[in-house]
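What follows is a single structure, written as structure tokens, with notes after it.
The values are calculated or read from the model by the stated rules, or taken from the named source; none is laboratory data. All values derive from a computational prediction rather than experimental measurement. Neighbour counts run over all protein chains shown; Cβ positions are idealised from the backbone, glycine included. Ligands, DNA and RNA are stripped out before the accessible areas are found, and what is left, the full protein with its side chains, is counted by its heavy atoms. Shrake-Rupley method; radii C 1.70, N 1.55, O 1.52, S 1.80 Å.
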Amino acid sequence: MGDRVSLGFMAETEKQVEQHLQGHLDRLPPADAASRAVVEQMRVDEVHHGRTATALGGAELPLPARLAMRLAAKVMTTTAHYL
């Protein structure tokens, strides 16, 4: 599908991972500074990767593709939780 779509897929993936990590930060106890620092650094890295993909010409994916990615991610995270 080409570089623009591949980079767009990467940018959307990083955006969704960043949102997932933000959810972890929201649930971590404020006093758990070590875990918060690790997750926050991961979140910062994901934002950087996504912005880089966009800056390199990544195309915004159509809504159905973004929703399908979210659904696939939900299936994976839910399955992983029970394994």
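Annotations
- Residues in the range 22-29 carry Karplus couplings, in order, of 4, x, 5, 4, 5, 8, 5, x Hz; the curve used is 6.51 cos²θ - 1.76 cosθ + 1.60 with θ = phi - 60°, and Gly or Pro positions show x.
- For a label point 7 Å along the Cα-to-beta-carbon line of Glu40, residues of the range 10-24 with backbone N under 20 Å: 17-24
- Its relative contact order, with pairs defined as Cα atoms under 8 Å and 6+ residues apart, puts the chain at 47 percent.
- Spin-label zone in the range 1-39 - amide nitrogen under 15 Å from a point set 7 Å from the Cα of Arg66 along the C-beta vector: 8-20
- Ligands, DNA and RNA left out, the accessible area of the chain computed with a 1.4 Å probe is 65% carbon and sulfur.
- For the chain, the percent of C-alpha pairs falling in each 5 Å distance bin, counted from 0 to the bin holding the largest distance, reads 3, 15, 19, 20, 19, 12, 7, 3, 1, 0.
- Computed from the C-beta positions of Leu56 and Met76, the FRET efficiency with R₀ = 30 Å rounds to 0.70.
- Dipole of the chain, positive direction: furthest Cα of Leu71, Met10, Ser35, with charges on the beta-carbon: Leu71
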